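Q: I'd like to ask you about the structure that follows.
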Ligand code: HMG
Ligand code: MG
């Protein structure tokens, strides 16, 4: 059989901290990322270069990127909704940028204030600029199963947007169960559809854990050949423009579950515990640490 390796893509410093009710001090963000850099992770989403009037929590993205200690072998990524965000990320030394689209019109409008078609038009020059600058380009497709505004989303819509992002040059597209409504059955349905035309190694799972299904959904995705999963230390996360979205699947439980069923992540559990502990004591409001399912 093929190697039993899974890549964990840590999104806590971005997806987690963008959703904190208060502004997390830059020094705490930097300290958290530095702790995560010591765990064996190879990919960390550190910030987003978005409008500070839309997401004030990420307004210090440049300072965060300037403050972290770069660990060799770690790729530091940032979300970039437009060319302006791309320029900010490039100047800040991001190794990777991510463009983020939606499979639903309602979420596209609420999150980035444009239609899906307009967003793809806006992302094309970002993709070209990333290619020219030699930066890794990742894509996201939100609402892979359900949209907080439009309800259930057809797999064909997810496929269409995923293919558009891949055609733009994304090495990988992360499929977002943005509000954590996927069940193993709906996950199975959408992945089977996507894999008719898309290779599993171009897809990552980005699952929020609103209803406690995220780990089960990871298992479904593994069975379909996906080998990269986004998670957030301590299970932080959500999106200010996705009402009801809870935390991303939590990194430590994900790594433990994977290990239990024979998948290697190469991560140092003790170091992950240190990062989670820091996050819990310095960043998270205590009630947010309660499992979203409970
Ligand atoms: P807009 O209001 O349509 O655009 O926002 P605009 O061009 O009129 O810009 C508004 C203001 O922001 C202007 O400033 C711009 O200069 C400024 P003002 O004139 O009001 O002072 N601006 C910027 N500033 C800094 N960096 C930039 C930038 N761009 C414009 N890059 C826009 C459109 C896309 C900018 C806005 O809607 C936005 O920033 N949205 C981002 C929302 C966001 O970050 N959501 C969370 C991330 S997505 C997510 O969490 C889902 C995901 O995890 C996957 C999943 O779970 O499914 C990825
Ligand atoms: Mg997310």
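The values are calculated or read from the model by the stated rules, or taken from the named source; none is laboratory data. Note that this is a predicted model, so its numbers are computed, not measured. Quick reminder, even Gly has a Cβ in these numbers, built from the backbone with ideal geometry, and neighbours come from all protein chains shown.
Q: Can you pull out every residue in the stretch 159-193 that is outside any helix (DSSP H, G or I) and farther than 20 Å from residue 75 by Cα?
A: Once the filter is applied, which keeps residues that are outside any helix (DSSP H, G or I) and farther than 20 Å from residue 75 by Cα, the stretch 159-193 yields 168, 176, 177, 178, 179, 180, 181, 182, 183.
Q: Which residue, of 104, 119, is more than 9 Å from ligand 1 (Cβ to nearest atom) and over 15 Å from the mean Cα position of the chain (by Cα)? Working first, answer last.
A: On the way: 119 fails: more than 9 Å from ligand 1 (Cβ to nearest atom).
So the residue among 104, 119 that is more than 9 Å from ligand 1 (Cβ to nearest atom) and over 15 Å from the mean Cα position of the chain (by Cα) is 104.
Q: Pick from 202, 227: which is touching a residue at least 60 places away in the same chain (Cβ under 8 Å) and either in contact with a strand residue (DSSP E or B) (Cβ under 8 Å, 6 or more places away or on another chain) or within 15 Å of ligand 2 (Cβ to nearest atom) (or both)? Spell out how you get there, then give the answer.
A: Details: 202 fails: touching a residue at least 60 places away in the same chain (Cβ under 8 Å).
Among 202, 227, only 227 is touching a residue at least 60 places away in the same chain (Cβ under 8 Å) and either in contact with a strand residue (DSSP E or B) (Cβ under 8 Å, 6 or more places away or on another chain) or within 15 Å of ligand 2 (Cβ to nearest atom) (or both).
Q: If you don't mind, there's one more thing I want to ask. Every residue in the stretch 221-252 that is modelled with pLDDT of 95 or more, assigned to a helix (DSSP H, G or I) and surrounded by 21 or more Cβ atoms within 10 Å (Cβ to Cβ), please.
A: If the condition is that a residue be modelled with pLDDT of 95 or more, assigned to a helix (DSSP H, G or I) and surrounded by 21 or more Cβ atoms within 10 Å (Cβ to Cβ), then 221, 233, 251 are the ones that fit.
Q: Taking the stretch 25-39 only, how many residues are in contact with a helix residue (DSSP H, G or I) (Cβ under 7 Å, 6 or more places away or on another chain) and surrounded by fewer than 23 Cβ atoms within 10 Å (Cβ to Cβ)? Show your work before the answer.
A: Let us first name the residues in the stretch 25-39 that are in contact with a helix residue (DSSP H, G or I) (Cβ under 7 Å, 6 or more places away or on another chain), namely 26, 28-33, 35-36, 38-39.
Subsequent filtering for residues that are surrounded by fewer than 23 Cβ atoms within 10 Å (Cβ to Cβ) retains 26, 28, 30-31, 35, 38.
Qualifying residue count for the region: 6.
Q: In this structure, does residue 105 turn out to be closer than 30 Å to residue 191 by Cα, at pLDDT 95 or above and touching a helix residue (DSSP H, G or I) at 6+ places or on another chain (Cβ under 8 Å)?
A: Values: closer than 30 Å to residue 191 by Cα: yes; at pLDDT 95 or above: yes; touching a helix residue (DSSP H, G or I) at 6+ places or on another chain (Cβ under 8 Å): yes.
Yes.
Q: Looking at (1) without any contact (Cβ under 8 Å) to a residue 60 or more places away in the chain; (2) farther than 30 Å from residue 189 by Cβ; (3) surrounded by fewer than 24 Cβ atoms within 10 Å (Cβ to Cβ); (4) within 18 Å of the chain's Cα centre (by Cα), which is the only condition residue 75 fails?
A: Failing condition for residue 75: (1).
Q: Sticking with this one: Among the residues of the stretch 112-135, is any touching a residue at least 60 places away in the same chain (Cβ under 8 Å), in contact with a strand residue (DSSP E or B) (Cβ under 7 Å, 6 or more places away or on another chain) and under 21 Å from residue 18 (Cβ atoms)? Spell out how you get there, then give the answer.
A: From the stretch 112-135, those touching a residue at least 60 places away in the same chain (Cβ under 8 Å) are none; that's our starting set.
No.
Q: May I ask you to list the residues in the stretch 12-24 that are within 16 Å of ligand 1 (Cβ to nearest atom) and touching a helix residue (DSSP H, G or I) at 6+ places or on another chain (Cβ under 9 Å)?
A: Within the stretch 12-24, 12, 13, 14, 16, 17, 18, 19, 20, 21, 23, 24 qualify.
Q: Take the residues in the stretch 156-174 that are under 16 Å from residue 206 (Cα atoms) and free of Cβ contacts under 8 Å to residues at least 40 places away in the same chain, then tell me which one is surrounded by the fewest Cβ atoms within 10 Å (Cβ to Cβ).
A: 171
Q: Just to verify a result, which residue in the stretch 45-64, among those that are free of Cβ contacts under 8 Å to residues at least 40 places away in the same chain and in contact with a helix residue (DSSP H, G or I) (Cβ under 8 Å, 6 or more places away or on another chain), is farthest from ligand 1 (Cβ to nearest atom)?
A: For the stretch 45-64, the residue satisfying everything is 63.
Q: So residue 217 ticks every box in (1) in a helix (DSSP H, G or I); (2) surrounded by fewer than 24 Cβ atoms within 10 Å (Cβ to Cβ) but one. Which box is left unticked?
A: Unmet for residue 217, out of (1) in a helix (DSSP H, G or I); (2) surrounded by fewer than 24 Cβ atoms within 10 Å (Cβ to Cβ): (2).
Q: How many of the residues in the stretch 116-154 are surrounded by fewer than 20 Cβ atoms within 10 Å (Cβ to Cβ) and in a helix (DSSP H, G or I)?
A: 11
Listed here are the residues, each with its yes/no results for (1) in contact with a helix residue (DSSP H, G or I) (Cβ under 8 Å, 6 or more places away or on another chain); (2) away from ligand 1 (no atom under 16 Å from the Cβ); (3) over 15 Å from residue 6 (Cα atoms).
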| position | (1), (2), (3) |
| --- | --- |
| 181 | no, no, yes |
| 215 | yes, yes, no |
| 268 | no, yes, no |
| 272 | yes, yes, yes |
